[in-house]
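The values are calculated or read from the model by the stated rules, or taken from the named source; none is laboratory data. Values in this document were obtained by computation on a predicted structure and should not be read as measured data. Here the Cβ is made from the backbone with ideal geometry for all residues, glycine too, and neighbour counts use every protein chain on show. Accessible surface is based on the protein model in full, side chains and every heavy atom, while ligands, DNA and RNA are left aside. Shrake-Rupley method; radii C 1.70, N 1.55, O 1.52, S 1.80 Å.
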Amino acid sequence: MKLIGRAAALILALGLVTGCGRTREGNMVDLVLVNGKVWTGDAARPRAEAVAVGGGRILAVGTTAEMRKLSPSGIKLVDLGGALLLPGFIDSHTHFLAGGFALKSIDLRKAKTRQEFVARIAAKARELGPGRWVLNGDWDHQQFEPPELPRKEWIDAVTPANPVCVNRLDGHMILANSAALKLAGVTRATPVPPGGEIVLDPATGEPTGILKDTAMDLVYAQVPEPSFAEKLDAAQASLRHAAENGVTSVHEMADAASFEVFEELARQGRLTARVHVYIPISEVETLARLKVKSPFGNPYLKIAGLKGFVDGSLGSATAYFFDPYADDPKTSGLLHGQMFPEGVMERRILAADRAGLQLAIHAIGDRANSLLLDLYEKAEAANGPRDRRWRVEHAQHLRPADIERFGKLGLIAAVQPYHVIDDGRWAETKIGPERARTTYPFESLRRAGARLAFGSDWTVAPLSPVLGIYAATTRRTLDGAHPGGWVPEEKVSVEEAVRAYTVNGAWAEFAESFKGTIEPGKAADLVALDRDILTVPPEDIAGAKVTMTVFDGKILHRKDR
Ligand SMILES: [Zn+2]
């Protein structure tokens, strides 16, 4: 956590005096990085040693000797000491504002036993004091021995005076305690909303406290809204976290409420990552009426387009499949509430597309993906050919024939490689070996002509492109069960993985002429790593550290080796 203050001190130590160099075009240079291994992403000059920056843009790329000429005394000169320099990472799928709240709240991700889960919730309730909600958590019951869903009875005794609403890390299930269920009026008799589930104890018929997908809203509706100051505070925590991870752009899968938070930070000049916000598809009419077209905004903050959902998640058994779950033959998953009433998603997709709004739609199960591809095909047939850059968020489980359709439609597969090594531990027990073969099929999608845009899905997974690249290139599950990689044919090369976090992320937001590569004229968003992940064995990538993050031409984060 060496932040802006430290970086600023370092720059001063390096010599910030008057005078300035100029490029041949006459642009003022204000920062020069030398002695690096620069991977540019630019086919015309794939590799370089040094970069000159000025006015927030990359001004020149070349050898250390060439760039030194642009830095007479007075210019900030950073010796990269052989570090790898990449375009700043673009995380194409985050819950960025929510992540800030998670950074500041209870962490159940590490609760590996029921006892630890209960103890952490008890401690948080004590810390907060009576009446305050215990929220977030990101628990994962697959870690428990044996894996079992938590129940309200586990925590009621330690939280008599605090409503508790803690989510599974995929965000598709919550555990509510009795106090929260009471506030929400949820009982055994509560009607189940479409696209949701209130889990009932088979013996007693009483709610267990687990609510899935749209049913979660029954409890969320009772959670008091944080103040605007708390939101600003959370967003800044997210921005610091992004800088530490080398992330200079994020795609925020958000609600309209988070937009105003980033807008305020942008207005104050404190937005230290470029934020590209997808608004819920239910807002299509508002945006269409305003004639907002994708992307709308400025280089710091944009309304990207619309985000929708076809289904739930694998971990919550709400991802929608053709065939039943292997471990629960009674269910094939659930369509999301946004798919009801029937036909509404099709109307919204058509309307969004007519209005020139980009779509980013969540589909995890094979049937959900198939349905979404049908809808995209219909919209293309109805509205004619155009450069749309439609996205499928997650694109997790695909029938082989549908992989080809991704290519034909020119889709962006907005996928999150860390899920492969995390969910890969248990995914096969849920879907069986046959479906596992075309699960997270990154390489097949790429070969079929889809563009891979990598992201974290933070807070579902860590906001670390380094870990994402490691996951995509090794597919080594976290339990060590697949040292050669789980479904190893679907590994991608390190260079493709880097591209999916830079060049392709820019393309996914129609910003390829502005960022995503290290070329003169592009945004000076850069990240330095302590090792050359392009040449070390892929197993060693996970240990790579971000040593410097440059955003908009300024050093945001710097960590000495
Ligand atoms: Zn997500």
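Taking the Kirkwood radius as the inverse of the mean 1/r across Cα pairs, report the Rg/Rh of the stretch 378-508.
We get a ratio of 0.98 for the stretch 378-508.
Kindly write out, for the stretch 87-95 in residue order, the coupling ³J(HN,Hα) from the Karplus curve 6.51 cos²θ - 1.76 cosθ + 1.60 (θ = phi - 60°), rounded to whole Hz, with x marking Gly and Pro.
x, x, 6, 10, 8, 7, 7, 9, 10
Under the rule of at least 5 residues apart or a separate chain, name every residue whose amide H is placed under 5 Å from the amide H of residue 458.
Amide H neighbours of residue 458, under 5 Å, 5+ apart: 95.
Modelled label-to-label distance, residue 326 and residue 285, 7 Å Cα→beta-carbon offset: nm?
Inter-label distance under the simple model: 4.5 nm.
Taking 8 Å as the Cα distance limit and 6 or more residues as the minimum spacing, I'd like the relative contact order of the stretch 397-546 as a percentage.
RCO, the stretch 397-546: 23 percent.
Quick one: if you stick a label point 7 Å off each Cα along the C-beta vector at residue 43 and residue 270, how many nm between them?
4.3 nm
Ignoring ligands, DNA and RNA, what percent of the 1.4 Å accessible area of the chain is carbon and sulfur?
On the chain, the fraction of accessible area on carbon and sulfur atoms equals 54 percent.
Of all GluC sites (Glu not before Pro) in the stretch 288-387, which ones are in loop regions per DSSP and have a Cβ with at most 15 other Cβ atoms within 10 Å?
Within the stretch 288-387, the qualifying GluC sites (Glu not before Pro) (loop, at most 15 other Cβ atoms within 10 Å) are 342.
Taking all pairs of distinct Cα atoms, average 1/r, flip it, and tell me the Kirkwood hydrodynamic radius of the chain in Å to one decimal place. All intermediate terms of the calculation are to be shown ahead of the outcome.
Working: mean 1/r = 0.0410 Å⁻¹.
Answer for the chain: a Kirkwood hydrodynamic radius of 24.4 Å.
Would you work out the relative contact order for the stretch 326-428, in percent, from Cα pairs under 8 angstrom that are 6 or more residues apart?
Computed over the stretch 326-428, the figure is 24 percent.
Restricting attention to the stretch 83-123, which chymotrypsin sites (Phe, Trp or Tyr not before Pro) occupy a DSSP loop and are surrounded by at most 11 other Cβ atoms within 10 Å?
Within the stretch 83-123, no chymotrypsin sites (Phe, Trp or Tyr not before Pro) qualify (loop, at most 11 other Cβ atoms within 10 Å).
How high is the relative contact order of the stretch 134-249, given as a whole-number percent (alpha carbon pairs under 8 Å, six or more residues apart)? Walk me through the numbers before you get to the answer.
Working: 161 pairs, mean separation 24.5, N = 116.
Relative CO of the stretch 134-249 lands at 21 percent.
Per residue of the chain, what 222 nm ellipticity follows from adding -39500 (n - 2.57) for every DSSP H run with n ≥ 4, rounded to the nearest 500?
Result for the chain: -9000 deg cm²/dmol, rounded to the nearest 500.
Could you tell me which of the pairs 110/491; 124/307; 378/522; 430/515; 76/491; 124/302 are separated by over 29 angstrom between their Cα atoms in the structure shown?
124/307; 378/522; 430/515; 76/491; 124/302
Please identify the trypsin sites (Lys or Arg not before Pro) of the stretch 160-228 that satisfy two criteria: DSSP loop assignment and at most 14 other Cβ atoms within 10 Å. Which are they? List each step's numbers first, then the result.
Working: sites: 168, 182, 188, 212; in loops: 188.
Qualifying residues, ordered by number: 188.
Could you name the lysines in cross-link range of residue 545, using Cα to Cα under 16 Å and dropping any fewer than eight places away on the same chain?
Cross-link targets: 2, 37, 559.
Heavy-atom accessible area per residue, the chain, 1.4 Å probe: how many Å²?
Numbers: 21850 Å² over 561 residues.
In whole numbers, the chain has 39 Å² accessible per residue.
Could you run the Karplus curve 6.51 cos²θ - 1.76 cosθ + 1.60 with θ = phi - 60° over the stretch 459-465 and give me ³J(HN,Hα) per residue in whole Hz, x for Gly and Pro?
Result, ordered by residue: 9, 4, 9, x, 7, 9, x Hz.
Sorted by accessible area (1.4 Å probe), largest first, how do 446, 24 line up? Write out the running numbers ahead of the final one.
On the way: 446 80, 24 235 Å².
Listed by decreasing accessible area, they come as 24, 446.
In whole Hz, with x marking every Gly and Pro, tabulate ³J(HN,Hα) for the stretch 161-171 from phi via Karplus 6.51 cos²θ - 1.76 cosθ + 1.60, θ = phi - 60°.
Per residue, the Karplus-derived 3J(HN,Hα) values read 10, 10, x, 10, 9, 10, 9, 5, 5, 7, x Hz.
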